[in-house]
Amino acid sequence: MKYIYLIAYVASVLVANLLLDHFIELPFFGMLSYGTVFFAFVFTLRDHLHRYSLNFALFGIVLALVVNTICAFYFDIPWRFLLASFLAILFSELMNTGVFEKLKQHSWHVRVLASNAASVPIDSTLFTFIAFYGIFELPMMAEIIFADIIAKFLIASTIISKVFIIKSKNNDSTTLSTH
């Protein structure tokens with residue numbers, strides 16, 4: 001299972017980078033990148049990598065950066081997007097990893113929510129400014145950052161709640177079958 005999480009993590013980063021400059025205009029405040037939908041999975045997938053070890057999670061981060069750099073040539077990803085992705089991943093993933101590791105005594109879902117709360121704003125802000133500075137005006141970048149943060153939290157929360165609903169159902173069925 002650990003390699004499935006690793007492959008999903010690396011693939012999510014790559015797909016997010018391929019779709020990062022395609023947007024959905026939200027009916028309220030915000031411009032949501034298609035890449036954000038995939039990148040929202042990145043943090044939670046990386047948190048799964050932590051279950052195996054800190055070194056495995058760091059290996060996943062480095063592997064994603066290497067694969068994305070190689071694929072940038074093949075898919076003609078602009079260098080500013082690659083640089084934005086690299087720096088945003090570097091700083092946000094290190095923040096996420098630090099918070100996640102510091103909270104080892106807490107449950108997995110608390111660790112995921114706390115680490116996402118620390119890293120998602122860093123990722124969204126840093127990426128947007130590096131990737132789109134000079135292309136979009138500041139109000140447009142604010143809309144992108146806002147939509148990114150909201151979408152990433154909603155997707156991560158949905159994933160976490162689904163995991164706990166499934167675990168809860170499995171624990172209930174296990175409890176029922178042992179009586």
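The values are calculated or read from the model by the stated rules, or taken from the named source; none is laboratory data. Being a predicted model, the structure only gives us computed values, none of them experimental. In this analysis, Cβ positions are derived from the backbone assuming ideal geometry, glycine residues included, and neighbour counts consider all displayed protein chains. Ligands, DNA and RNA are stripped out before the accessible areas are found, and what is left, the full protein with its side chains, is counted by its heavy atoms. Shrake-Rupley method; radii C 1.70, N 1.55, O 1.52, S 1.80 Å.
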- Net lengthening on full extension, L94/I135 (0.36 nm per residue, minus Cα-Cα): 12.0 nm
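Name the shape class, rounded, prolate or oblate, that the alpha-carbon gyration tensor gives for the range 44-135, where a ≥ b ≥ c are the square roots of its eigenvalues, rounded holds for a/c under 1.5, and otherwise prolate holds if a/b is larger than b/c and oblate otherwise.
Oblate.
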- Query: Once the Cβ-Cβ distance between F73 and S107 is put in as r, and R0 is 45 Å, what FRET efficiency do you end up with, to the nearest 0.05?
  - Reply: 0.60
- Task: State, to one decimal in nm, how far the label point of F59 lies from the label point of K2, with both points 7 Å from Cα in the Cβ direction.
- Result: 0.6
- Any idea of L154's accessible area? Nearest 10 Å², probe 1.4 Å. 110
- Which listed residue (P27, L113, F91) has the Cα farthest towards the positive end of the charge dipole for the range 1-125, taking +1 on Lys and Arg C-beta and -1 on Asp and Glu C-beta about the Cα centre? L113
- Message: How high is the relative contact order of the range 15-143? Use alpha-carbon pairs under 8 Å, at least six apart in sequence, and give a whole percent.
- Response: 23
- Note on the structure: Under the rule rounded for a/c under 1.5, else prolate if a/b exceeds b/c, else oblate, using alpha carbon gyration tensor axes a ≥ b ≥ c, the chain is classed as prolate
- Divide by every residue of the chain the summed helix terms, -39500 (n - 2.57) for each DSSP H run of at least 4, and state the resulting mean residue ellipticity at 222 nm, rounded to the nearest 500 deg cm²/dmol. -29000 deg cm²/dmol
- Task: Find the accessible area per residue for the chain; the probe is 1.4 Å, ligands and nucleic acids are left out, and the unit is Å².
- Result: 53
- What's the carbon and sulfur percent of the chain's accessible surface, probe 1.4 angstrom, rounded to a whole number? 71
